[in-house]
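One structure is given here, and the rest of the page talks about it.
The values are calculated or read from the model by the stated rules, or taken from the named source; none is laboratory data. The model shown is predicted, which means the values in this text are computed figures rather than measured ones. As a convention, Cβ positions derive from the backbone with ideal geometry for all residues, glycine included, and neighbour counts pool all protein chains shown.
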Amino acid sequence: MSRRGLALFIALSVIWGTPYLFIRIAVTSVEPSVMVALRVGLAALLLLPIAAARGEFTGVRKYLPWIALFGVVEVTGPFLLLGYAETALPSSTTALLIAAVPIVAAILARSMGLDRRLGWGRILGLAIGFSGVALLVGLDIPRDQTWAVGAAALTVIGYALGPIIISTKLAGAPGLAVITIALAFNAVLYAPIAWVQRPTEPVPAEAWWSIAVLGVLCTAIAFLIFFALVREVGPSRMTVITFLNPAVAVALGVVVLSEPITLGLALGFPLVLVGSYLATRPDRSRAAQVEDVPHA
């Protein structure tokens, strides 16, 4: 990896580990719908002129139905559900639950016939990853907050489905155009909901700043860095970021918000990361290599 690629990689790993902190701060003062509307609205306003200047929207019309579906499963549901989850759960706990995305993505890809290989190593990874989530939920989360776990679980499913739609239905579409249209679609969708649920009491400046950071840094700038990094190192090496984001989120939760390092977090965190790695590791077995050879 070049120095530029390494710099982009570190920047994106840190940036995408911070949203949990800022979401937690924002939803303590405003409704999650308000936070989502402002976040996606800011990001869309920043990305629209950039995408237009690059000619990203050329020929994108035929992809609009799939972009809309991508916007629903990747943004509409997850952004709102994540906000509601963090009204009850610490940011570090939420980040660890979301870290199960690669595990769920592996299961979905297998069930949809997109990945026929599921060797013992990957099965072991699934088992280890889910045991880590089970430890976290069982040891740290009270029963009256199981609804928040459900919201996080639905977020995980949405985040796992989004890349599948990209790879199967939007592979030929310009990536920046897809993200920009999806964000603009959600800005329009959430605007009336946010207006109805707008705050009626003064909102602390830290909440507004958190929303601004979510929209500008964690969404708009993050996606610009993402596409630059893909061009630099290729898509296959991007998955490593998934394993660094939770570490950043947990560290920020502990240091900035004084969230405790609980037993469930200490035991579940490494298991989820190890399980994610094993479950998404390419199968290099002899059987897999034979399966990849075209059959007559």
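Odds and ends about this structure:
- Any hit, segment 52-60, residues being of a type in the set (Lys, Arg) and at pLDDT 95 or above: no
- Among the helices (runs of 4 or more DSSP H) confined to segment 84-168, the ones with at least 1 residues that are surrounded by fewer than 19 Cβ atoms within 10 Å (Cβ to Cβ) are located at 101-111, 120-140.
- Flag: Gly77 matches the condition of being among the small types (Gly, Ala, Ser) and touching a residue at least 60 places away in the same chain (Cβ under 8 Å).
- For the residues Ala68, Ala51, the requirement of being part of a helix (DSSP H, G or I), within 18 Å of Ala177 (Cβ to Cβ), in contact with a Leu (Cβ under 6 Å, 6 or more places away or on another chain) and aliphatic (A, V, I, L, M) singles out Ala51.
- Against the list (1) at pLDDT below 80; (2) of a type in the set (A, V, I, L, M, F, W, C); (3) within 21 Å of the chain's Cα centre (by Cα), the condition Ala287 fails is (3).
- Number of positions in segment 151-174 that are at pLDDT 85 or above and either among the hydroxyl-bearing types (Ser, Thr, Tyr) or within 19 Å of Ser92 (Cβ to Cβ) (or both): 7
- Residues in segment 169-199 that are within 20 Å of Ala85 (Cβ to Cβ), of a type in the set (Gly, Ala, Ser) and surrounded by fewer than 18 Cβ atoms within 10 Å (Cβ to Cβ): there are none.
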